[in-house]
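The structure appears below as structure tokens.
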Amino acid sequence: MTLNEIDNLVKNSEVASIGFLDKDGNPSIRRVFSTWHKGLGGHLISTNTSSLHVQAFLKNNKACLYFDNCQTFQGVCFTGTVIVHFDHEYKAMIWSAGDENYYPNGVADEDYCVLEFQADHGRYYRYDGIGDISSKELEEYDKKAEFVNYKKK
């Protein structure tokens, strides 16, 4: 897969799986909405502050983020770190109509935060092969990227 093909896979995925270590050090995974991307290496995720994964990231920011297409049997797993944002800037930037169903107090809801996943490297697979994405490749690919919402209309 080329980096452009991987980018299309990521942009066309509305959900991803985020992996983390729980309070006991056991691996765990959650499905999350992930439509805000900055190239291949940056991803924003809105979530509940009280959730197990946010509490885990506040103690250990190591994570993986996996995007896939089950119909074409292809996927990419990025490994990196998470920053938990509680500030209004990030929360307002990715707020969408309908989010009030999860966060009734709006952008200021104390149970609303934003995860920023920053990839260090990745690994992809598809029917025609498996390969690695280095930190240098991510850095070069994302050089001029900015966060964009790729939510399907």
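Treating cross-link reach as a plain straight distance, find the lysines whose alpha-carbon is under 16 Å from the alpha-carbon of LYS151, omitting any fewer than eight places away in the same chain.
Filter leaves LYS11, LYS38.
With just the Cα atoms defining each centre, how far is the stretch 2-49 from the stretch 83-153? Give it in Å.
If we compute the Cα centre of each part, the gap is 7 Å.
Kindly put LEU21, LEU40 in sequence by how many other C-beta atoms sit within 10 Å of each C-beta, fewest to most.
LEU21, LEU40
Going toward the positive end of the dipole of the stretch 3-145, with +1 on Lys and Arg Cβ and -1 on Asp and Glu Cβ, which of HIS121, LEU58, LEU9 do you reach last?
Result: HIS121.
Taking 0.36 nm per intervening residue step and subtracting the Cα-Cα distance, what contour gain separates GLU139 from ASN4 on full extension?
Fully extending the segment from GLU139 to ASN4 adds 47.2 nm.
Identify the trypsin sites (Lys or Arg not before Pro) of the stretch 1-87 meeting these criteria: DSSP loop state and at most 12 other C-beta atoms within 10 Å of the C-beta.
Sites meeting the loop and neighbour criteria: LYS23.
What does the charge add up to near SER17, with Lys and Arg as +1, Asp and Glu as -1, over the other residues with Cβ less than 9 Å from its Cβ?
+1
Can you compute the charge dipole magnitude of the stretch 1-49 about its Cα centre, using +1 on each Lys and Arg Cβ and -1 on each Asp and Glu Cβ, nothing else charged? Give it in debye, rounded to the nearest 20.
The dipole magnitude comes to about 120 debye.
Could you list the square roots of 5 times each eigenvalue of the Cα gyration tensor of the chain, that is, the equivalent ellipsoid semi-axes, sorted largest first and rounded to whole Å?
25, 18, 14
Give me the net charge of GLY131's neighbourhood, meaning all other residues with Cβ under 13 Å from the Cβ of GLY131; Lys, Arg count +1, Asp, Glu -1.
-2
A short reminder: the numbers here are calculations on the coordinates, not readings from a lab. Being a predicted model, the structure only gives us computed values, none of them experimental. Neighbour counts are summed over all protein chains in view; Cβ atoms, including those assigned to glycine, are modelled from backbone coordinates with ideal geometry.
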